[in-house]
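The values are calculated or read from the model by the stated rules, or taken from the named source; none is laboratory data. All values reported here derive from a predicted model rather than from experimental measurement. All Cβ positions, glycine included, derive from the backbone under ideal geometry; neighbour counts span all protein chains shown. Ligands, DNA and RNA are excluded from the accessible area calculation, which covers all protein heavy atoms including side chains. Shrake-Rupley method; radii C 1.70, N 1.55, O 1.52, S 1.80 Å.
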Protein chains: 4
Amino acid sequence: MGVIGYGYWGPNIVRNFFAASNCTVISVADARPERLVVLSKSYPSIKGVNSADEIINSKEIDAVVIATPVFTHFSLAKAALNNGKHVLIEKPITSTAAEAEELINLAEQKGLTVMADHTFLYTGAVHKMKELIDSENIGKIHYFDSTRINLGLFQPDVNVLWDLAPHDISMLMYLVDERPVSINATGISHTHNGIENIAYMTVNYSSDFIAHFNCSWTSPVKVRQTLIGGDKKMIVYNDLEPSEKIRVYDTGFQHKTDEDKKKILVDYRTGDVFIPKLAGGEALLGVATDFIQSILNKTAPRATAKLGLQVVKILQASQESIKNNGKEIKL
Amino acid sequence: MGVIGYGYWGPNIVRNFFAASNCTVISVADARPERLVVLSKSYPSIKGVNSADEIINSKEIDAVVIATPVFTHFSLAKAALNNGKHVLIEKPITSTAAEAEELINLAEQKGLTVMADHTFLYTGAVHKMKELIDSENIGKIHYFDSTRINLGLFQPDVNVLWDLAPHDISMLMYLVDERPVSINATGISHTHNGIENIAYMTVNYSSDFIAHFNCSWTSPVKVRQTLIGGDKKMIVYNDLEPSEKIRVYDTGFQHKTDEDKKKILVDYRTGDVFIPKLAGGEALLGVATDFIQSILNKTAPRATAKLGLQVVKILQASQESIKNNGKEIKL
Amino acid sequence: MGVIGYGYWGPNIVRNFFAASNCTVISVADARPERLVVLSKSYPSIKGVNSADEIINSKEIDAVVIATPVFTHFSLAKAALNNGKHVLIEKPITSTAAEAEELINLAEQKGLTVMADHTFLYTGAVHKMKELIDSENIGKIHYFDSTRINLGLFQPDVNVLWDLAPHDISMLMYLVDERPVSINATGISHTHNGIENIAYMTVNYSSDFIAHFNCSWTSPVKVRQTLIGGDKKMIVYNDLEPSEKIRVYDTGFQHKTDEDKKKILVDYRTGDVFIPKLAGGEALLGVATDFIQSILNKTAPRATAKLGLQVVKILQASQESIKNNGKEIKL
Amino acid sequence: MGVIGYGYWGPNIVRNFFAASNCTVISVADARPERLVVLSKSYPSIKGVNSADEIINSKEIDAVVIATPVFTHFSLAKAALNNGKHVLIEKPITSTAAEAEELINLAEQKGLTVMADHTFLYTGAVHKMKELIDSENIGKIHYFDSTRINLGLFQPDVNVLWDLAPHDISMLMYLVDERPVSINATGISHTHNGIENIAYMTVNYSSDFIAHFNCSWTSPVKVRQTLIGGDKKMIVYNDLEPSEKIRVYDTGFQHKTDEDKKKILVDYRTGDVFIPKLAGGEALLGVATDFIQSILNKTAPRATAKLGLQVVKILQASQESIKNNGKEIKL
């Protein structure tokens, strides 16, 4: 195994693949010498190299993790696949949907695994929500409403949706089978450089399901909350709660269309609240294990590149919508 | 003083005008006999009548409060103004901007007061926010982000924005001087009758200020939260907090455009939090007092009909935007 | 039915007995003329009298509610029982255990009901806790830990335990069958008049169950929280939560005494949290209904005078302990 | 510098002294070989030894940190002082007050520093509270009320007060100058081995100040809260809040003794709440720096051994009180 990029996320990647079974991290590439010094202190057994090529061309290496800035993902992943390596790519997997599609096709041709590191899909919270939804506890899902705001670092190259929303979009893609048909998004750049620090996105479906995302780098309070409403029960997922991230409300509503269509008859119900205990463990170790298993067993991982492609498609459409004054962009 | 409508809000209106100085509530109109029975038990001194006309035509009555369904506001208010009465109208004041404009013009011609009952403008919380903003404590305001969701009664005639957003839009109009230029809105009707129970609205300005509204009748949790971000400080207004509704964060960010325009330089600052004590008292008593004073002193009330008109304009535009797939609607 | 005392609690008493079935409130006594004016406005059908004797001596009246200061409870209740009236007495029922015992004996001789108005026993929260405990969901109960603090009115005649703890002690008596054997209490009077505004009480049992009470009139924050720990599950009861007062933690611990008695082996378990929906309705209406039913059916009410006597015994012992520097006082 | 004990706290000690200026950690002693393996992985430059004597007798070492079980503190510290080493001892510094006094005297004779590792005194929260109190913002202090409960590890040798209360007692000693005169404590051992897992302690003073401590290893919820009430303002310190640990309430009460001494006149005041930003940084680094500076400058550290002695005196008295059914124990 080789890792390209030892910046913010790279050390977490290395630590978890180090702890995973059935794999050995042989080398890590980073162009910054000081990062390789940090690496060698923590992992004297791993070879630090200053060029990604050394990893991509290495014959010892079967699989590569790419943890570099987004705009470099495509060319690195393409080269790695062409050299016969399995690839795990940081989220968002590419800058454009076309690039992601090309990687997926290439991997298919070569019989290689390409996977997106959508870490949230491997948390106990998302696992529990998936279980609740699949077991039909929640009923038909009506909406998904996510808020991810805080006083955060302004990114120089991507807007707040590209930075923060991939977590929530990947959850939506994983939890809900239906695929969206269009996007509306609005936002504002207080730095006046065209990179929005506040943005709002509605994701539209052909059914009456709706999803909405509220992202900001400029909130005085940190909020990480998602509401998922079904006709049987509703979920509130608050990722800031240390031990009570998921609350299941035995709350619902049902409407009956009256014959003369003039009256609305809506039955409400509020009941108990249930806070399930969640599985522990580091999510990224789940990513590492899934990547390794999907290579060994030739099975699809949970965070497929196709799911990663869906995320990129939505982000691209959101950007187009913002630049066109909130116009609906078809997917 | 006469009051038309003794349903949900009417009794609050009567109770507060009863308690206010310089006015006497003479009669209350409601077509439902059982409501007049309730009235007579609580206020034996007030005459209950079953037709609004009796109030509008009464020579004893100088001012009328209209607390009936929205679609009746315009014709009742117009008749009252034509009969020389001052008028206070429940929010939203009319169903269309054109109607509101006609009432404003008519009142101006007749030298009468027409006022909107935007009760929230008279709360201690809004008063404190106005004070903080006007004293330049907050600095230049960057955004206004409001969430008003709960498991609520589905209205049969108006969508969730018309039902819940007037509170927040009136605050925005009162707190921020700049006027919006356009609206984008999206939403969904789970009753399939064209009346949205979840809706999202972005209000756009010619400056880099932005406002956003998230309204739902179908949330398992009740949220009443507004974030107001300035470049000096930021406010979080949580109306569900019993005694700590307003929190002022000594938090801000400032960007400096670098010469080569490639780098973003943003300075962050987080500091103390301050929770001011708010003035108590019932907001609706403030409405009553302001209405009476504005009649007696021939001054403009805080909740002018013009402010009410702005609210209606935005609601109308939001509806048009939702029906046109989120298209930007100019105001 | 007659009610003696129309101060703070009396109007609530009257309102609920007015709403209850199988009873008519005929007259209310209060020595303060202005209170009788308030009464006559709200309830023109009820006769206001200025002396408790008029109620105690009335032949029309079968039952009396005593809602006067504590030191008057005994003589009023005794006179009422001697005149053949059933009696419901505000908490705490008397100033001394001896007085409470005399009333209980007198009622027994006369075949009359004497009941304590421990309103909390009729709340949905206490009802749910009783149900959980009785159904052995919670297991063997280990402790009861209650905090009831706020910035409150200093009482001129009784200390903070007599003022605030009756609620919590009555719950303890109702929820746990075992009876305490002794009391330790400490406290302080910041008014230097011998009336403690902060006090702490431990209630000791012959088993390894323990109860503790923390009461204060001088806390900047309001806390109303009780922890009840069982060996199967634990309950947290937060009375300030609007809709989530009871939380049941699937948390427990079990110790196994090791053979050599040197090691402690304790198994911990943390699991789901469950927030049951509680029955609604006003607790005091439950008191009224229970009083009426216990008279009609000659059955014991939930809040028996014997339970009220237990509360007084504990309060008396706590006072003695505080005055003796926290010395253990046997019950 | 040498460190004795590399169990739970030792690695934190080593990490912070490693980061501190003007000192070098030369060796660490632990009798368990596996702990020395852990040490050598993290700090190849530090010599691991399996006997404390090697550190105590080393001529290279000027100062020793003792991070071993409480019952070993005295003999290790005494030996180190006798060998001319400065000593920093984990809290509580000794098992008995007599031992602590002997160490203090010995250090004085030898001109050496002996310091207690009461880490909480070096947190931003305690620093801010000290500042608020010393600047007379809070006024005369009336009470200190601390709750430290959670589902915690049962200690095999010391009860819950010895385990959890040292943090809070050290804060009390640091924040309030007056010294207590007696202790009352109660508690229960659910393991039936005489080691209480729930305990309550009142600390009495000759003035009308009072302190109370509620400690438990068997609570389903974690609480870390201290109320400090002054006659000008009150502080609520919630250590679980990530960024808002200290809240200052502009709340107070003042009593005026009326002439006839029968009435209590208490003026209440509630006002703004202020949440100051706290200094960051790891508290233990502050401990390390203070220890080094107090050696170099021959000054007293913040967490003097005398403060540590006060803590032990109170713990000893609490134990005696619990074993004597809550009897007041003079200090």
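Points to keep in mind about this one:
- Every residue from region C:69-91 that is part of a loop (DSSP other than H, G, I, E, B), open to solvent by 20 Å² or more (accessible area, probe 1.4 Å) and at negative phi: C:Pro69, C:Asn83, C:Lys91
- Scan of region B:291-331 for residues that are hydroxyl-bearing (Ser, Thr, Tyr) and open to solvent by 70 Å² or more (accessible area, probe 1.4 Å), ordered by number: B:Thr299
- Boolean, C:Leu106 is part of a helix (DSSP H, G or I), over 29 Å from D:Ala211 (Cα atoms) and within 14 Å of chain D (Cβ to nearest Cβ): no
- Of everything listed in (1) open to solvent by 60 Å² or more (accessible area, probe 1.4 Å); (2) over 21 Å from C:Asp117 (Cβ atoms); (3) not small (Gly, Ala, Ser), the single unmet condition for C:Asp62 is (2).
- Candidates are the residues of region C:177-192 that are in contact with a helix residue (DSSP H, G or I) (Cβ under 8 Å, 6 or more places away or on another chain) and more than 10 Å from every other protein chain (Cβ to nearest Cβ); the one that is nearest to D:Asn184 (Cα to Cα) is C:Pro180.
- The one condition in (1) open to solvent by less than 10 Å² (accessible area, probe 1.4 Å); (2) at positive phi that C:Ala288 fails to fulfil: (2)
- Check on C:Ser95, touching a helix residue (DSSP H, G or I) at 6+ places or on another chain (Cβ under 8 Å), within 14 Å of chain D (Cβ to nearest Cβ) and among the small types (Gly, Ala, Ser): no
- Within the set B:Thr94, B:Thr24, the sole residue that is open to solvent by less than 30 Å² (accessible area, probe 1.4 Å) and polar (S, T, N, Q) turns out to be B:Thr94.
- Complete set of residues in region D:32-68 that are assigned to a helix (DSSP H, G or I), charged (D, E, K, R) and touching a strand residue (DSSP E or B) at 6+ places or on another chain (Cβ under 9 Å): D:Arg35, D:Asp53, D:Glu54
- Positions within region B:147-162 being β-branched (Val, Ile, Thr) and facing another protein chain (nearest Cβ under 9 Å), in sequence order: B:Thr147, B:Ile149
- Summed over region B:156-192, the residues that are touching a residue at least 24 places away in the same chain (Cβ under 8 Å) and either outside any helix (DSSP H, G or I) or basic (Lys, Arg) (or both) give a count of 18.
- Matching option when the condition is farther than 18 Å from D:Phe213 by Cβ and touching a Phe, Trp or Tyr at 6+ places or on another chain (Cβ under 8 Å), among C:His167, C:His212: C:His167
- When every residue of region B:109-119 is checked against the conditions, none turns out to be under 21 Å from the mean Cα position of the chain (by Cα), open to solvent by less than 40 Å² (accessible area, probe 1.4 Å) and closer than 27 Å to A:Tyr205 by Cβ.
- Enumeration of residues in region A:19-49 that are of a type outside the set (Gly, Ala, Ser) and touching a Leu at 6+ places or on another chain (Cβ under 7 Å): A:Asn22, A:Val28, A:Asp30, A:Ile46
- Check on C:Ala98, farther than 21 Å from C:Asn16 by Cβ and either in contact with a strand residue (DSSP E or B) (Cβ under 7 Å, 6 or more places away or on another chain) or β-branched (Val, Ile, Thr) (or both): no
- Residue satisfying all of: in region D:132-155; assigned to a helix (DSSP H, G or I) and out of contact with any Lys or Arg (no Cβ under 9 Å at 6 or more places or on another chain); surrounded by the most Cβ atoms within 10 Å (Cβ to Cβ) among these: D:Ile133
- Residues in region C:163-190 that are over 29 Å from C:Leu132 (Cβ atoms) and open to solvent by 10 Å² or more (accessible area, probe 1.4 Å): 4 in all.
- Residue satisfying all of: in region C:28-59; open to solvent by 10 Å² or more (accessible area, probe 1.4 Å) and of a type in the set (Gly, Ala, Ser); nearest to the chain's Cα centre (by Cα) among these: C:Ala52
- Residues that are part of a loop (DSSP other than H, G, I, E, B) and facing another protein chain (nearest Cβ under 7 Å) were ranked within region A:193-246; the one that is surrounded by the most Cβ atoms within 10 Å (Cβ to Cβ) is A:Asn193.
- Residue pairs whose Cβ atoms lie under 8 Å apart, sitting 6 or more positions apart in sequence or on different chains, and linking a residue in region A:125-146 that is more than 14 Å from chain B (Cβ to nearest Cβ) and under 14 Å from A:Val236 (Cα atoms) to a partner that is open to solvent by 20 Å² or more (accessible area, probe 1.4 Å) and part of a strand (DSSP E or B), are A:Ile133/A:Ile141.
- Taken over region C:1-21, the criterion of being outside any loop (DSSP other than H, G, I, E, B) and open to solvent by less than 10 Å² (accessible area, probe 1.4 Å) is satisfied by C:Gly2, C:Val3, C:Ile4, C:Gly10, C:Ile13, C:Val14, C:Asn16, C:Phe17.
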